[in-house]
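Taking it in order: structure first as structure tokens, then the write-up.
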Amino acid sequence: MTGPSRPPRWACRLLESVLPEGTRGRSVLADLEDEFREVVREEGPAAARRWYGWEAAKLASHFVWQRLRLRSGAGERKGGGTVDRLRQNVRLALRRFRRAPGFTGIAVLTIALGIGANVAIFSVVDAVLLEPLPYEDPDELVVLWEWHRPRDVRENVANPGNYKAWRDRSSSFSAMTGVSLTMPATVTEGGVPSEAMVQATLPEFFSLLGVEATVGRTFSPDVETEGPMEVVLSHRYWQWRYGRSAEVLGSTVQINGHAAVIVGVLPAEYVIFGEGVDAWVAQRLGTGDQTTSGRWMRVLGRLAPGRSLDAVRDEMQAIAAGLEEEYPDFNGGWTVNVVPLKQQVVGDVRASLWILLGAVGLLLLVACANVANLFLVRGTERQKEMAVRTSLGASGSALAGQLLVESALIAVGGAVLGLGLAAWGTGTMVERMPDAFALPRLASASVDGTVL
């Protein structure tokens, strides 16, 4: 598997390091790969990568625990002093925690709040900023806007005639396509009308992105201008309107009075310019879409191999200058703005998210310092206890081991509670964040193996 449809590298390396050699290890990997492909088909590459990372983490912990049990068993057979001491230290630590519930509760809760906030925010940062876009070779994708220099409007939708000129005159792109603005439309099926949000795209739109349908197919590259339009549904709309039934393929609906045939369903992932869209219809630009027909297209391009972004911008601005000379009344003051797709998706929120992640990182440091101070205060209160134990023959290593066990139990308790808070916080942000603060790709945020 290649591109975004392959498992995370870290997960594969983790499994290679912990799985047993021979038939058993190969069998586990084969089963994982089969299930990974199934998740890719049903939920998309990004969800499959998160699933694979989580499964790899669970399998790794299982096999590591098995090895530790075998080693500890061997140690007990040779002379179980170490294991017995560990059990005794754990029992003593739990007994002391019961005697000091205030200290224990404050320490665990402080660690949990620091971990929970960091994991929740990093889950959002990972989904929005770090997770690769779910497209084929996403670094090659750019958005092309018309730029009105007198008003410094840098992200204006494009004119179809200008789009044709960009596509035909440039050598910087291996492919270029366009999509309309999102518009409400009346969808009628079986005589029952309903409203849906629809975008019109050129037939090459999804193939340029490298997006494949979960059910059926995307648009045929040789869409005819006559006859029914082809329609691709969003996963959300398909689930809500048709109950995830594959029988919807090939059925005919009316979109604003025009016949349309449903040919496929997209994966349940973000599609650029597609949040909130219920359906896409394929249309070709007619011969009448010339330079004076207005501006309403969003344009996507895939860079040709070896082309730098600066060279592409220079070429496109030169083409725009030529169009300005040819059509001075319509294109006067207009040029082209080329923006990488990843920057387009996350550009407005990148700085805010990194600042927020830095702030919760400081919160974790403060939490650790507070817990350290709690342990120091408690240590001064236990000086008499340590002196008595030393006088009774306890060694320095035994006392240190007891204190380390207590610290480890506090840390484990804080981590477990913190992960629970993180899962709750991430889910709350995804479901209840106001629209005014909505983040791109936020719906895919989760506490998964990559985050952990």
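Taking the mean number of other Cβ atoms within 10 Å as a proxy for protection, how do you rank 313-321, 189-197 from highest to lowest? Please list the in-between numbers first.
Values: 313-321: 16.7, 189-197: 11.3.
Per-residue mean Cβ counts within 10 Å order the peptides as 313-321, 189-197.
Considering only protein heavy atoms and a 1.4 Å probe, what is the carbon-and-sulfur percentage of the accessible area of the chain? Mind dumping the intermediate values first?
On the way: 13540 of 23880 Å².
So the carbon and sulfur contribution to the accessible surface is 57 percent.
Which residues' amide hydrogens lie under 5 Å from the amide hydrogen of residue 271, considering only partners 5 or more residues apart or on another chain, with H built in the peptide plane?
none
Mind checking the dipole of region 207-282: about its Cα centre, +1 per Lys or Arg Cβ, -1 per Asp or Glu Cβ, Debye to the nearest 20? Could the numbers behind the result be given before it?
Numbers: 4 positive and 9 negative charges, 60 e Å.
Using only the charged Cβ atoms, the result is roughly 300 debye.
Please give the length that would be gained between residue 175 and residue 329 if that part of the chain were fully extended, namely 0.36 nm times their separation in residues minus their C-alpha to C-alpha distance (nm, one decimal).
On the way: separation 154, 0.36 × 154 = 55.44 nm, distance 2.90 nm.
Residue separation times 0.36 nm, minus the Cα-Cα distance, leaves 52.5 nm.
Ordered by residue, what ³J(HN,Hα) values in Hz, to whole numbers, does region 157-166 give under the Karplus form 6.51 cos²θ - 1.76 cosθ + 1.60, where θ = phi - 60° and Gly and Pro are x?
With the stated coefficients, region 157-166 comes to 4, 9, 8, x, x, 5, 4, 4, 5, 4 Hz.
Out of every Cα pair in region 138-215, what percent are spaced more than 14 Å from each other?
Details: 2218 of 3003 pairs.
The proportion of pairs with Cα distances above 14 Å equals 74 percent.
Using the Cα atoms as the points, what is the convex hull volume per residue of region 227-284 in Å³? The partial results should precede the final answer.
Working: hull volume 5.2 nm³, N = 58.
So the per-residue Cα hull volume is 89 Å³.
In the P(r) worked out for region 274-415, what percent of Cα pairs fall beyond 23 Å? Present the calculation step by step, with values, prior to reporting the outcome.
Details: 6860 of 10011 pairs.
Within region 274-415, distances greater than 23 Å cover 69 percent of Cα pairs.
Quick one: 3J(HN,Hα) in Hz for region 9-18, Karplus 6.51/-1.76/1.60 with θ = phi - 60°, rounded, Gly and Pro as x.
Once θ is set to phi - 60°, the couplings for region 9-18 become 4, 4, 5, 4, 5, 4, 5, 4, 7, 10 Hz.
Mind jotting down the distance between the C-alpha centroids of region 1-60 and region 263-334, whole Å?
38 Å
I want to check the label-to-label distance for residue 374 and residue 195. Put each point 7 Å from Cα in the C-beta direction and report it in nm to one decimal.
So the label points at residue 374 and residue 195 sit 5.3 nm apart.
Measuring from label point to label point, each 7 Å out along Cα→Cβ, what is the residue 416 to residue 95 span in nm?
Output for this residue pair reads 2.1 nm.
Give me the accessible area per residue for the chain, probe 1.4 Å, as a whole number in Å².
Details: 23880 Å² over 452 residues.
It amounts to 53 Å² per residue over the chain.
Taking N as the number of residues in region 87-138, what is its alpha-carbon radius of gyration divided by 2.2 N^0.38 Å?
Numbers: Rg = 19.7 Å, N = 52, 2.2 N^0.38 = 9.9 Å.
Against the empirical 2.2 N^0.38 Å value, I get 1.99 for region 87-138.
Label residue 247 and residue 24 with points 7 Å out from Cα along Cα→Cβ: what is the distance between them in nm?
4.8 nm
Pick the calculated P(r) over Cα pairs in 10 Å bins from 0, in percent for this structure from (i) 5, 22, 32, 25, 12, 3, 0, 0; (ii) 4, 15, 21, 21, 15, 10, 7, 5, 2, 0; (iii) 4, 8, 7, 8, 9, 8, 7, 6, 5, 5, 4, 4, 4, 4, 4, 3, 3, 3, 2, 1, 1, 1, 1, 0, 0, 0?
For P(r) over Cα pairs in 10 Å bins from 0, in percent, the calculated option is (ii).
Below 12 angstrom from the Cβ of residue 196, what's the summed charge of the other residues (Lys, Arg +1; Asp, Glu -1)? Present the calculation step by step, with values, prior to reporting the outcome.
Numbers: positive: 236, 241; negative: 189, 195, 278.
Residues near residue 196 contribute -1 overall.
The values are calculated or read from the model by the stated rules, or taken from the named source; none is laboratory data. These numbers were taken from a predicted model, which means no experiment stands behind them. Please note: Cβ atoms are built from the backbone with ideal geometry, for glycine as well, and neighbour counts cover all protein chains shown. All accessible areas refer to the heavy atoms of the entire protein, side chains included, with ligands and DNA or RNA removed. Shrake-Rupley method; radii C 1.70, N 1.55, O 1.52, S 1.80 Å.
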